[in-house]
Amino acid sequence: MAISSEQRRSRRIAAAVGLAVVLVALLATGLAVWRSRHALPVVQTATVSLQRIKRVTLASGTVRPVARQIVNLDNLPAPVERVLVHVGQRVQAGQPLIQLNTASANASVQAAELALGDAESAYQRVLAQYNQAPTALKALFLPQLNAALASVASARSQLAQAEAQEAQLTITATLSGVVLIANPNGVDANGNPTPVVEVVSPAKDVVMDLSEVDAAQIKVGMTASMQTDAYPNQTFAGVVTAIAPYAEVSSSGAPVVEVTVKPRGSFPVPYGYQLTCRIQSQSSAPVPAVPYSAIVQNGTGYAVYELRNGRVYLVPVKLGMTSDTAVQVLSGVSPGDRVVVNPPDNLVSGEAVRTS
């Protein structure tokens with residue numbers, strides 16, 4: 001059956017409409033792609049503001065004596081004869097702690113005493129000859145008299161040295177305190193070396209190892225609160241008195257810095273106990289600060305993206321104290337400046353942006 005001209009005309013119109021629809025769809029898709037590729041990045045910003053930075057550092061601390069005297073077996077000049085103190089005993093500085101074997105020293109003292117007696121007897125004989133000699137002949141005895149006198153001086157010096165060595169065989173306390181160890185054998189039950197005697201001062205410190213990052217936030221004079229399961233429902237106060245000027249490598253291989261806290265008031269916690277320490281640091285005055293989320297790594301340092309006239313610029317910054325949410329900025333930006341928070345990884349310095 002033949003197709004009328006009217007049908008052919010309708011088909012041409014339908015085809016044209018369909019083609020137009022396809023072209024519009026393609027154009028819309030292309031425009032969307034172009035816009036997605038050329039649209040300005042949308043960023044969120046925050047204002048650099050003045051804040052008091054507060055931070056709480058948590059660490060485990062160990063109770064240690066402020067001062068201690070440790071006497072090891074391998075440092076003694078003679079065998080131990082007996083230990084003169086017991087564990088828990090309070091001693092005073094200068095009090096005898098250990099008596100070493102004095103047999104050899106006593107023999108040396110006796111020999112020196114005999115030598116001094118012989119030298120003095122010889123001197124007296126020469127002196128008698130000198131006194132009995134006629135005046136004209138006295139000069140003949142002077143060399144013998146001087147030699148005998150020198151022998152006496154030498155013998156006295158030898159005796160003094162022997163007595164000093166004998167005195168060193170009584171080990172005395174160098175400080176007043178409490179005896180923690182008294183073990184004449186110098187080994188423990190497992191055969192490991194241990195001090196013969198250890199004396200510790202009554203004064204105590206709490207010593208903790210902090211990471212380099214945490215230690216950088218701590219200053220001498222900051223207050224600390226301390227708790228331990230051994231004394232439930234009790235909180236002890238203290239103050240930071242020392243921060244090591246160097247870092248040491250811990251057993252885990254991480255660098256740590258030793259920080260010392262001096263307890264205040266009553267502190268009955270024994271030596272060696274563990275406490276949980278909280279040190280609160282706070283800036284003395286409001287300081288310029290930005291959110292943590294604004295900080296990006298910049299080589300070996302840090303930076304922020306600062307928003308100026310619709311564009312972002314990567315600005316190196318020097319950081320100071322930190323809190324849980326903000327960080328002090330020592331240089332790079334000033335209060336009132338706007339910085340990008342959570343900047344996209346593909347953000348480029350100098351790029352134009354839109355703010356949400």
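With both labels modelled 7 Å from their Cα along Cα-to-Cβ, the Ser252 to Arg90 distance reads 4.1 nm.
Under 17 Å from a label point set 7 Å out along the Cα-to-Cβ vector of Ala111, the amide N atoms of segment 152-182 belong to 154-167. For segment 72-138 versus segment 50-65, the inter-centroid distance based on Cα atoms is 56 Å.
Between the Cα long axis of helix 103-132 and the first principal axis of the chain there is an angle of about 40°, rounded to the nearest 10. One decimal place: the segment Ala39-Arg156 gains 31.9 nm when fully extended, by the rule 0.36 nm per residue minus the C-alpha distance.
With the radius of gyration and the Kirkwood radius both derived from the Cα set of segment 270-318, what is their ratio Rg to Rh? Intermediate values should be presented prior to the final figure.
Numbers: Rg = 18.6 Å, Rh = 14.6 Å.
Radius of gyration relative to Kirkwood radius: 1.27.
Placing one equal scatterer on every Cα of segment 136-184 and applying the Debye formula, the log10 ratio I(q)/I(0) at q = 0.27, 0.30, 0.33 Å⁻¹ is -0.99, -1.06, -1.12.
Normalised by the empirical 2.2 N^0.38 Å for globular proteins, what value does the Cα Rg of segment 145-223 take?
Working: Rg = 24.6 Å, N = 79, 2.2 N^0.38 = 11.6 Å.
In units of the globular-protein estimate, segment 145-223 measures up at 2.12.
From its DSSP helices (H runs of at least four residues, each -39,500 (n - 2.57)), the chain gives a residue-normalised ellipticity at 222 nm of -9500 deg cm²/dmol.
Could you work out how far helix 138-167 tilts from the main Cα principal axis of the chain, as a 0 to 90 degree angle to the nearest 10? On a 0 to 90 degree scale, this one is about 50.
Could you work out the equivalent-ellipsoid semi-axes for segment 204-321, taking the square root of 5 times each eigenvalue of the Cα gyration tensor, largest first, in whole Å? Mind showing how you got there, number by number?
Values: eigenvalues 272, 58, 29 Å².
The three semi-axes for segment 204-321 are 37, 17, 12 Å.
With a cut-off of 11 Å on the backbone N, the residues of segment 144-188 near the modelled label site 7 Å out from Ala67 along Cα-Cβ are 174-177.
Ranked for footprinting exposure by Cβ neighbours inside 10 Å, fewest first, Ile13, Ile98, Ile70 give Ile13, Ile70, Ile98. Were the residues from Thr223 through Arg311 laid out at 0.36 nm apart, the gain over their Cα-Cα distance would be 27.3 nm. Estimated from the Cβ-Cβ distance and a Förster radius of 41 angstrom, the FRET efficiency linking Ala352 and Ser60 is about 0.20.
Working ranking of peptides 250-258, 315-323, 267-275 by packing, defined as the average number of other Cβ atoms within 10 Å per residue, highest first, is 315-323, 267-275, 250-258. Enclosing the Cα atoms of segment 102-168 in their convex hull gives a volume equal to 52 cubic angstrom per residue. For segment 65-144, trypsin sites (Lys or Arg not before Pro) meeting the loop criterion (DSSP other than H, G, I, E, B) and having at most 16 other Cβ atoms within 10 Å: none.
The angle between the Cα long axis of helix 5-38 and the main principal axis of the chain comes to about 20°, on a 0 to 90 degree scale.
Bridging of Lys219 to lysines at a Cα separation below 22 Å is possible for Lys54, Lys204, Lys262, Lys318, once same-chain residues fewer than 8 apart are set aside.
Modelled spin-label separation between Leu27 and Ala128, with each label point placed 7 Å from Cα along the Cα-to-Cβ direction: 14.5 nm. In this rough spin-label picture, where each label sits 7 Å from Cα along the Cβ direction, the Ala285-Leu140 distance is 9.7 nm.
Relative to one another, the C-alpha centroids of segment 285-356 and segment 180-245 are positioned 40 Å apart.
Every number here is computed from the coordinates shown, using simple stated rules; none is lab data. These numbers were taken from a predicted model, which means no experiment stands behind them. Here Cβ is always computed from backbone atoms with ideal geometry, including for glycine, and neighbour counts include all displayed protein chains.
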